[in-house]
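The values are calculated or read from the model by the stated rules, or taken from the named source; none is laboratory data. All values reported here derive from a predicted model rather than from experimental measurement. Cβ: placed from backbone, ideal geometry, glycine included. Neighbour counts: every protein chain shown. When the accessible area is computed, the model is the full protein with side chains, heavy atoms only, and any ligands, DNA or RNA have been set aside. Shrake-Rupley method; radii C 1.70, N 1.55, O 1.52, S 1.80 Å.
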Amino acid sequence: GSLRFLLVGTFSHLGRNLISLFPSQQIVFFPQRIVMSLYGIASLFISSYLWCTIFWNVGSDYDQFDREEGIVEEGIVCIFRWDFPGKNRRIFLRFLMKYIQSIRIEIKKGIYARRVLYMEIRGQGAVPLTRTCFLWAEKKSQRLWDSNNHFFLI
(Lines give C-alpha, C1' and ligand atoms only; values in the text may rest on other atoms or scores of the structure.)
Protein backbone atom coordinates (compact mmCIF):
# COMPACT_ATOMS: atom_id res chain seq x y z
CA GLY A 1 0.00 0.00 0.00
CA SER A 2 2.64 2.54 0.97
CA LEU A 3 4.85 1.71 -2.00
CA ARG A 4 1.93 2.16 -4.38
CA PHE A 5 1.21 5.65 -3.02
CA LEU A 6 4.87 6.59 -3.27
CA LEU A 7 5.27 5.17 -6.79
CA VAL A 8 2.09 6.80 -8.14
CA GLY A 9 3.13 10.17 -6.70
CA THR A 10 6.67 9.84 -8.08
CA PHE A 11 5.75 8.56 -11.53
CA SER A 12 2.98 11.11 -11.94
CA HIS A 13 5.59 13.79 -11.29
CA LEU A 14 7.83 12.25 -13.98
CA GLY A 15 4.88 12.03 -16.39
CA ARG A 16 5.03 8.25 -16.80
CA ASN A 17 2.21 5.78 -16.40
CA LEU A 18 3.28 3.04 -14.00
CA ILE A 19 -0.09 1.56 -13.10
CA SER A 20 -2.39 1.08 -16.08
CA LEU A 21 -5.59 1.21 -14.00
CA PHE A 22 -4.77 4.66 -12.68
CA PRO A 23 -3.43 7.04 -15.34
CA SER A 24 -0.86 9.39 -13.83
CA GLN A 25 -1.68 12.23 -16.24
CA GLN A 26 -4.98 12.79 -14.41
CA ILE A 27 -3.25 13.54 -11.11
CA VAL A 28 -2.81 17.24 -10.49
CA PHE A 29 0.62 18.17 -9.10
CA PHE A 30 -0.68 20.25 -6.26
CA PRO A 31 -2.04 18.90 -3.91
CA GLN A 32 -2.62 15.32 -5.08
CA ARG A 33 0.92 14.30 -6.10
CA ILE A 34 2.47 15.86 -3.03
CA VAL A 35 -0.08 14.35 -0.67
CA MET A 36 0.24 10.89 -2.24
CA SER A 37 4.02 11.04 -2.02
CA LEU A 38 3.97 12.22 1.61
CA TYR A 39 1.43 9.51 2.56
CA GLY A 40 3.63 6.96 0.84
CA ILE A 41 6.78 8.09 2.66
CA ALA A 42 5.04 8.29 6.06
CA SER A 43 3.37 4.90 5.74
CA LEU A 44 6.64 3.36 4.51
CA PHE A 45 8.36 4.52 7.71
CA ILE A 46 5.51 3.30 9.90
CA SER A 47 5.34 -0.10 8.22
CA SER A 48 9.13 -0.57 8.42
CA TYR A 49 8.99 0.32 12.15
CA LEU A 50 6.25 -2.26 12.72
CA TRP A 51 8.09 -4.96 10.74
CA CYS A 52 11.29 -4.29 12.72
CA THR A 53 9.31 -4.55 15.97
CA ILE A 54 7.99 -7.94 14.87
CA PHE A 55 11.39 -9.12 13.64
CA TRP A 56 13.20 -8.06 16.84
CA ASN A 57 10.45 -9.65 18.96
CA VAL A 58 10.07 -6.50 21.07
CA GLY A 59 7.83 -6.97 24.08
CA SER A 60 8.14 -10.71 24.44
CA ASP A 61 8.63 -11.72 28.03
CA TYR A 62 8.19 -14.24 30.78
CA ASP A 63 7.78 -14.16 34.53
CA GLN A 64 9.03 -17.10 36.58
CA PHE A 65 8.25 -17.74 40.25
CA ASP A 66 10.32 -20.50 41.90
CA ARG A 67 10.14 -21.33 45.55
CA GLU A 68 11.37 -24.14 47.69
CA GLU A 69 8.71 -26.24 49.38
CA GLY A 70 7.32 -24.57 52.47
CA ILE A 71 9.76 -21.65 52.52
CA VAL A 72 8.37 -18.50 50.88
CA GLU A 73 11.36 -16.31 51.75
CA GLU A 74 13.75 -18.57 49.85
CA GLY A 75 11.86 -18.34 46.57
CA ILE A 76 13.36 -16.64 43.53
CA VAL A 77 11.50 -14.45 41.03
CA CYS A 78 12.85 -13.96 37.49
CA ILE A 79 11.40 -11.33 35.14
CA PHE A 80 12.66 -11.26 31.56
CA ARG A 81 11.81 -8.74 28.79
CA TRP A 82 13.08 -8.03 25.25
CA ASP A 83 13.35 -4.37 24.27
CA PHE A 84 14.53 -2.50 21.18
CA PRO A 85 18.13 -3.18 20.06
CA GLY A 86 20.71 -1.20 21.94
CA LYS A 87 22.59 -1.21 25.20
CA ASN A 88 19.64 -2.39 27.33
CA ARG A 89 17.91 -4.75 24.88
CA ARG A 90 17.78 -7.68 27.29
CA ILE A 91 16.10 -6.85 30.59
CA PHE A 92 16.51 -9.52 33.26
CA LEU A 93 15.52 -8.99 36.90
CA ARG A 94 16.21 -11.64 39.51
CA PHE A 95 15.45 -11.23 43.20
CA LEU A 96 14.27 -13.11 46.27
CA MET A 97 10.58 -13.35 47.06
CA LYS A 98 11.08 -11.73 50.42
CA TYR A 99 11.78 -8.46 48.55
CA ILE A 100 8.25 -8.38 47.08
CA GLN A 101 6.36 -5.70 48.97
CA SER A 102 2.99 -5.85 47.21
CA ILE A 103 1.07 -6.67 44.06
CA ARG A 104 -1.36 -4.05 42.79
CA ILE A 105 -3.74 -3.66 39.90
CA GLU A 106 -4.06 -0.23 38.29
CA ILE A 107 -7.28 0.34 36.34
CA LYS A 108 -7.96 3.53 34.43
CA LYS A 109 -11.30 3.83 32.66
CA GLY A 110 -12.31 6.06 29.82
CA ILE A 111 -11.43 6.33 26.16
CA TYR A 112 -7.88 5.15 26.74
CA ALA A 113 -8.67 2.36 29.21
CA ARG A 114 -5.68 0.81 30.89
CA ARG A 115 -5.35 -2.22 33.13
CA VAL A 116 -1.92 -3.11 34.48
CA LEU A 117 -0.70 -5.56 37.11
CA TYR A 118 2.34 -4.25 39.04
CA MET A 119 4.70 -5.95 41.47
CA GLU A 120 6.30 -3.63 44.02
CA ILE A 121 9.88 -4.70 44.77
CA ARG A 122 12.04 -3.29 47.53
CA GLY A 123 14.83 -1.23 45.95
CA GLN A 124 13.50 -1.69 42.37
CA GLY A 125 10.17 0.14 42.45
CA ALA A 126 7.11 -1.08 40.55
CA VAL A 127 7.62 -3.64 37.78
CA PRO A 128 4.70 -4.15 35.35
CA LEU A 129 3.75 -7.80 34.90
CA THR A 130 1.24 -7.20 32.09
CA ARG A 131 1.33 -4.96 29.05
CA THR A 132 -0.37 -1.61 29.38
CA CYS A 133 -2.30 -1.42 26.14
CA PHE A 134 -4.29 -4.65 26.20
CA LEU A 135 -7.82 -4.88 27.53
CA TRP A 136 -7.37 -8.53 28.48
CA ALA A 137 -4.84 -7.57 31.14
CA GLU A 138 -7.54 -7.54 33.82
CA LYS A 139 -8.48 -11.17 33.11
CA LYS A 140 -4.81 -12.16 32.96
CA SER A 141 -4.22 -10.32 36.23
CA GLN A 142 -7.07 -12.20 37.87
CA ARG A 143 -5.77 -15.56 36.57
CA LEU A 144 -2.23 -14.72 37.73
CA TRP A 145 -3.55 -13.72 41.13
CA ASP A 146 -5.73 -16.84 41.44
CA SER A 147 -2.90 -19.15 40.42
CA ASN A 148 -0.29 -17.50 42.67
CA ASN A 149 -2.18 -16.53 45.82
CA HIS A 150 -1.44 -19.94 47.30
CA PHE A 151 2.08 -19.53 46.02
CA PHE A 152 2.65 -16.34 48.01
CA LEU A 153 0.72 -17.80 50.98
CA ILE A 154 -1.86 -15.02 50.95
Can you give the FRET efficiency to the nearest 0.05 for residue 35 and residue 112, using r as the Cβ-Cβ distance and R₀ = 25 Å?
0.30
Added length on full extension, which subtracts the Cα-Cα distance from 0.36 nm per residue, residue 4 to residue 62
17.0 nm
Protection proxy (average C-beta count within 10 Å per residue), highest first, orders 97-109, 1-13 as 1-13, 97-109
From most to least accessible, 1.4 Å probe, no ligand or DNA/RNA atoms counted, 112, 39 line up as 112, 39
Can you give me the solvent accessible area of residue 65 with a 1.4 Å probe, rounded to the nearest 10 Å²?
40
Stretched fully, the stretch from residue 96 through residue 43 gains (0.36 nm per residue minus C-alpha distance, one decimal, in nm) 14.5 nm
